[in-house]
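Peer 1: Let me begin by handing over the structure; questions about it come next.
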Amino acid sequence: MSVATFEGVVEDGQIRLESGVRLPDHTRVYVLVPEAGMAQVARVATPRLAHPEQAGDFRMDIVEGPADAGV
């Protein structure tokens with residue numbers, strides 16, 4: 001496998017290579033991004049139960065009060 005290196009920039013989500021570089025359609029490419037250009041992205045993990053069999057412990061009982069609660 002031969003390897004060539006080209007420099008480019010991303011504009012509107014598209015990679016634009018330096019002028020004069022033409023690659024044939026369906027060419028397999030690999031993109032390396034220097035860390036300096038990477039923005040930190042926040043990741044919010046969804047909560048998970050350590051023991052899914054304990055899900056019943058979180059069951060909620062709904063108790064309806066009288067129609068007129070004295071308000």
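Peer 1: Mind checking which residues of segment 39-71 are over 31 Å from the mean Cα position of the chain (by Cα) and acidic (D, E)?
Peer 2: D57, D61, E64, D68
Peer 1: Scanning for something hydrophobic (A, V, I, L, M, F, W, C), free of Cβ contacts under 8 Å to residues at least 40 places away in the same chain, surrounded by 10 or more Cβ atoms within 10 Å (Cβ to Cβ) and in a strand (DSSP E or B), does segment 15-34 turn up at least one residue?
Peer 2: First, pick out the residues of segment 15-34 that are hydrophobic (A, V, I, L, M, F, W, C): 15, 17, 21, 23, 29, 31-33.
Imposing the further condition that a residue be free of Cβ contacts under 8 Å to residues at least 40 places away in the same chain reduces the set to 15, 17, 21, 23, 29, 31-33.
With the extra rule that they be surrounded by 10 or more Cβ atoms within 10 Å (Cβ to Cβ), the set shrinks to 15, 17, 21, 23.
With the extra rule that they be in a strand (DSSP E or B), the set shrinks to 15, 17.
Yes, the conditions are met somewhere in segment 15-34.
Peer 1: Further question on the same structure: Please determine whether any residue of segment 40-59 is surrounded by 10 or more Cβ atoms within 10 Å (Cβ to Cβ) and either touching a residue at least 60 places away in the same chain (Cβ under 8 Å) or of a type outside the set (V, I, T) (or both).
Peer 2: Quick first cut of segment 40-59, residues surrounded by 10 or more Cβ atoms within 10 Å (Cβ to Cβ) only: 49.
From what's left, either touching a residue at least 60 places away in the same chain (Cβ under 8 Å) or of a type outside the set (V, I, T) (or both): 49.
Looking through segment 40-59, at least one residue is surrounded by 10 or more Cβ atoms within 10 Å (Cβ to Cβ) and either touching a residue at least 60 places away in the same chain (Cβ under 8 Å) or of a type outside the set (V, I, T) (or both).
Bear in mind that the values in this text are calculations on the coordinates, not laboratory data. Just so you know, these numbers come straight off a predicted model, no measurement behind them. With ideal geometry, Cβ positions are generated from the backbone for all residues, glycine too; neighbour counts draw on all protein chains shown.
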